[in-house]
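Structure first, then comments.
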Amino acid sequence: MSHDLIILGTGGVGSSALFHAAERGLSVLGLDRFPPAHDRGSSHGETRMIRQSYFENPAYVPLLRASYRLWDELVERTGEALFQRTGVAYFGRPEGGLLSGVQASSETHGIAIESVSADDFETRWPGFAKDDSHEVLFEPDAGYLRVEDCIAAYLREAVRLGAEHRHGETILGWEESGDGVEVRTDRGSYHADRLIVTAGCWASQLLPDLGVPLKLLRKHLHWFEVDESLYGEASGFPCFAHEFGSDCFYGFPSAGAGLKLAEHTGGDEIEDPLEASRELDPTDAERIEHYLARCFPQASRKRIRHEVCFYTNSPDEHYLVDRLPGSERVAFAAGLSGHGFKNASALGHALVDLVTGEKPIADVRFLGMERFG
Ligand SMILES: Cc1cc2nc3c(=O)[nH]c(=O)nc-3n(C[C@H](O)[C@H](O)[C@H](O)COP(=O)(O)OP(=O)(O)OC[C@H]3O[C@@H](n4cnc5c(N)ncnc54)[C@H](O)[C@@H]3O)c2cc1C
């Protein structure tokens, strides 16, 4: 049997593409090696930050607006608390990339942010250390997504709309033929008119002719035991990001299971995500403990959980979203560079738009292949 569309990889972006294709009435098949919301790739560890005053580049804001709308629709459809608007507090020097970038996106696109005064700061969030070298900006309409639950929800809703989802099946390769695309897996082969590749940290394997180098970085996530009255989401503690020179750390309030901290910068380069060590790394652990002691003085030093996850970085650390050069039938998202989940909802929609020839839900041309010549 042939399908209108096959999606290779049903993690963050692929699960959304499966849903949006099914919602449009396409006969669509999603394939993945692992069961939904697994912990082998880049979409696990409970939470992902979502924010609109995008310090990375204001050009993402229209895509973010579409993503916010689509996440809200998924919440409404499922009745699940997938998107928690805790707000995000940004700490740094005014001239640093974080605060100046937040300010620039906010001004360009009219996104509400607040400058938090020193007096206000202490009464609002007594759990943070006060650092006179830092200024604080707060984005109220921001927060986090429950990453595994979002993927599970998109897959479940897609299947309910008629999509086929097969997991436990490893994709070996694919090729374009005269009348469509042929996909080979360890279980068989499938034919479709069109193809979307959303393979996360395995993108280079399933897009061998991409011609853009993607770098894989191992990242560590740490959870520490804390007093919920100081660091709990219920007490009003927000998501946060701290910039110290060229280093950037971030984290999430506790929802009963610990304060989650991680470093956005740094990370060891790895070759194969399935072979990479998942042990606690002493250098990373020490840097996080230093961050904990410096910025959260009233938190305990007791680590209660640790996980490893992978970034797939493009050369300029911006996403790659496009049709495959020379092909009308194949579109892909790759190199999401450690900041892609918040946009998974709109990226999945935009990929279906690209392969069906419709106007994308948001302008993604700035994320195209052309910038790499
Ligand atoms: C520690 C960490 C923190 C992050 N924090 C944030 C954040 O706060 N906010 C944010 O927006 N983003 C964040 N990100 C980035 C974000 O999580 C990723 O960009 C996004 O989840 C990647 O989605 P994806 O669909 O590209 O990959 P994945 O969700 O990993 O999906 C790829 C899928 O393809 C499948 N696959 C690949 N190859 C094959 C094959 N040969 N056969 C079968 N199946 C295959 C895999 O099994 C997998 O399910 C973070 C990432 C990490 C690692």
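Looking only at residues of the range 174-188 that are in a strand (DSSP E or B) and closer than 13 Å to SER327 by Cα, we find that the one that is farthest from the chain's Cα centre (by Cα) is SER177.
From the list ASP39, ASP4, ASP32, pick out the single residue that is buried (at least 21 other Cβ atoms within 10 Å of the Cβ) and either near the ligand (Cβ under 9 Å from one of its atoms) or not small (Gly, Ala, Ser) (or both). Step through it out loud before you land on a result.
Numbers: ASP39 fails: buried (at least 21 other Cβ atoms within 10 Å of the Cβ); ASP4 fails: buried (at least 21 other Cβ atoms within 10 Å of the Cβ).
Answer to the selection: ASP32.
The set of residues in the range 323-337 being at pLDDT 95 or above and surrounded by fewer than 20 Cβ atoms within 10 Å (Cβ to Cβ) consists of ARG323, LEU324, ARG329.
Here's the yes/no breakdown for (1) in contact with a helix residue (DSSP H, G or I) (Cβ under 7 Å, 6 or more places away or on another chain); (2) at negative phi; (3) in contact (Cβ under 8 Å) with a residue 60 or more places away in the chain:
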| site | (1), (2), (3) |
| --- | --- |
| ALA66 | yes, yes, yes |
| LEU74 | yes, yes, yes |
| THR78 | yes, yes, yes |
| PHE83 | yes, yes, yes |
| PHE91 | no, yes, yes |
| GLY96 | no, yes, yes |
| VAL102 | no, yes, no |
| SER105 | yes, yes, no |
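Yes/no matrix, rows are residues, columns are (1) more than 13 Å from the ligand (Cβ to nearest atom); (2) aliphatic (A, V, I, L, M); (3) farther than 14 Å from ALA344 by Cβ; (4) surrounded by fewer than 22 Cβ atoms within 10 Å (Cβ to Cβ):
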| position | (1), (2), (3), (4) |
| --- | --- |
| TYR154 | no, no, no, no |
| ARG166 | no, no, yes, yes |
| GLU176 | yes, no, yes, yes |
| ASP179 | yes, no, yes, yes |
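Only one entry in ARG305, ARG278, ARG287 is over 22 Å from CYS201 (Cα atoms), surrounded by fewer than 16 Cβ atoms within 10 Å (Cβ to Cβ), of a type in the set (Lys, Arg) and assigned by TED's automatic domain parsing to the domain that holds GLY96, namely ARG305.
Quick check on PHE83: is it outside the structural domain of SER204 (by TED's automatic domain parsing), farther than 30 Å from SER246 by Cβ and within 16 Å of the ligand (Cβ to nearest atom)? Judged against the criteria, PHE83 is a match. Among all positions in the range 51-58, there is no residue which is more than 7 Å from the ligand (Cβ to nearest atom), of a type in the set (Phe, Trp, Tyr), buried (at least 19 other Cβ atoms within 10 Å of the Cβ) and part of a helix (DSSP H, G or I).
Here GLY25 meets each of (1) in contact with a helix residue (DSSP H, G or I) (Cβ under 9 Å, 6 or more places away or on another chain); (2) away from the ligand (no atom under 14 Å from the Cβ); (3) not assigned by TED's automatic domain parsing to the domain that holds ARG278 with one exception, condition (1).
Matching residues to (1) of a type in the set (Gly, Ala, Ser); (2) assigned by TED's automatic domain parsing to the domain that holds ASP353; (3) modelled with pLDDT of 95 or more; (4) over 20 Å from ARG48 (Cβ atoms):
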{"residue": "GLY168", "(1), (2), (3), (4)": "yes, yes, yes, yes"}
{"residue": "TRP174", "(1), (2), (3), (4)": "no, yes, yes, yes"}
{"residue": "SER177", "(1), (2), (3), (4)": "yes, yes, no, yes"}
{"residue": "GLY188", "(1), (2), (3), (4)": "yes, yes, yes, yes"}
{"residue": "ASP193", "(1), (2), (3), (4)": "no, yes, yes, yes"}
{"residue": "ILE196", "(1), (2), (3), (4)": "no, yes, yes, yes"}
{"residue": "GLY200", "(1), (2), (3), (4)": "yes, yes, yes, no"}
{"residue": "LEU206", "(1), (2), (3), (4)": "no, yes, yes, yes"}
{"residue": "TRP223", "(1), (2), (3), (4)": "no, no, yes, no"}
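Screening the candidates LEU259, LEU217 for the property of being surrounded by 14 or more Cβ atoms within 10 Å (Cβ to Cβ), closer than 30 Å to TRP174 by Cβ and either in contact with a Pro (Cβ under 8 Å, 6 or more places away or on another chain) or at pLDDT 95 or above (or both) yields one hit, LEU217. Looking at the range 5-12, can you tell me whether even one residue there is in a helix (DSSP H, G or I) and either at pLDDT 95 or above or not assigned by TED's automatic domain parsing to the domain that holds GLU182 (or both)? Checked the range 5-12: at least one residue is in a helix (DSSP H, G or I) and either at pLDDT 95 or above or not assigned by TED's automatic domain parsing to the domain that holds GLU182 (or both).
The values are calculated or read from the model by the stated rules, or taken from the named source; none is laboratory data. Remember, predicted model here, so these are calculated numbers, not experimental data. Don't worry about glycine lacking a Cβ; one is built from the backbone with ideal geometry, like all the others, and counts go over all protein chains shown.
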